[in-house]
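Down below is the structure, laid out as structure tokens.
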Amino acid sequence: MQVIYKRTITGYSEDVCVTTHDFLAGSGTIDATKMAAAEARFTTFWNAIKSRIGTIYILSEYRWYDLTIAPPNPAVRSTLLTNAGTSATTTLPPQIACSITEQTATRRRWGRFYLPGWDISQISGHGRWGSTMVAAVAAAAETMYEGWYTDSLIPSVVRRSDLNSQPVSSIRVDDIPDIVRRRRWQSVPLRDIRAVV
């Protein structure tokens, strides 16, 4: 499941941010009912944290792909929505993200995803995420992952080369902001160039 976040701001034309979440079926197959359940769990997670996310970040789409089909493979399901962050506080630069680490039985096979759009009030002294924010994200993520297991979806870290997967056994949220360089602003509405020679 790819989760797509639009970022809209006057004067800018920007691409989207994407996080990816892999699942195995705990029983049966991953059908439309299970996909809808997974989406609902993520929406609940987003709703729990979106008061800390700037209004220019919009949870806009869920896209599902079958990894057993060689690329380019079309999405097997797409769900559109418009669910914006609600914080009116100044938003941090777009490459600053909060990472959620997906721990598996093998340390080398851990995964993570990077949540975009945080407002500046989430930063505490010395440039770290505040303890309240870390606890809120961790609690919301824990609820989401446990819900996925309840829905017979096994969140997993998949190695793309051979589709080998390991189930996520725990999640971790640290107080260190991560940098995702590809999320930097692309448009430059303001540029001041000065000749010095």
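The values are calculated or read from the model by the stated rules, or taken from the named source; none is laboratory data. Since this is a predicted model, take the numbers as computed values, not measurements. Cβ sites come from the backbone with ideal geometry, for glycine too, and all protein chains shown count toward neighbours.
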**Prompt:** Restricting to segment 92-138, what's the tally of residues that are in contact with a Cys (Cβ under 8 Å, 6 or more places away or on another chain) and surrounded by fewer than 17 Cβ atoms within 10 Å (Cβ to Cβ)?
**Reply:** 0
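Residues are listed down the side, and each one gets a yes or a no for (1) among the basic types (K, R); (2) in a helix (DSSP H, G or I); (3) on the phi < 0 side of the Ramachandran plot; (4) in contact with a strand residue (DSSP E or B) (Cβ under 9 Å, 6 or more places away or on another chain):
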residue: S121; (1), (2), (3), (4): no, yes, yes, yes
residue: A135; (1), (2), (3), (4): no, yes, yes, yes
residue: T143; (1), (2), (3), (4): no, yes, yes, no
residue: W148; (1), (2), (3), (4): no, yes, yes, yes
residue: S156; (1), (2), (3), (4): no, no, yes, yes
residue: I171; (1), (2), (3), (4): no, no, yes, yes
residue: Q186; (1), (2), (3), (4): no, no, yes, no
residue: P189; (1), (2), (3), (4): no, no, yes, no
**Asked** Is it true that R182 is modelled with pLDDT under 95, part of a helix (DSSP H, G or I) and surrounded by fewer than 14 Cβ atoms within 10 Å (Cβ to Cβ)?
**Response** yes
**Request:** Show the residue pairs that are 6+ apart or on different chains and have beta-carbon atoms under 7 Å apart, the first residue being within segment 127-141 and touching a residue at least 24 places away in the same chain (Cβ under 8 Å), the second being aromatic (F, W, Y) and surrounded by 15 or more Cβ atoms within 10 Å (Cβ to Cβ).
**Result:** A140/F45; A141/F45
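For a quick check of your reading: which strands (runs of 3 or more DSSP E) sit entirely within segment 1-76 and have at least 3 residues that are under 13 Å from the mean Cα position of the chain (by Cα) and surrounded by 15 or more Cβ atoms within 10 Å (Cβ to Cβ)? Show your work before the answer.
Values: elements: 2-7, 17-20, 22-25, 57-64.
Of the strands (runs of 3 or more DSSP E) lying wholly inside segment 1-76, those with at least 3 residues that are under 13 Å from the mean Cα position of the chain (by Cα) and surrounded by 15 or more Cβ atoms within 10 Å (Cβ to Cβ) span 2-7, 17-20, 57-64.
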**Request:** Please state which one of V173, V168 is buried (at least 17 other Cβ atoms within 10 Å of the Cβ) and under 25 Å from T29 (Cβ atoms).
**Result:** V168
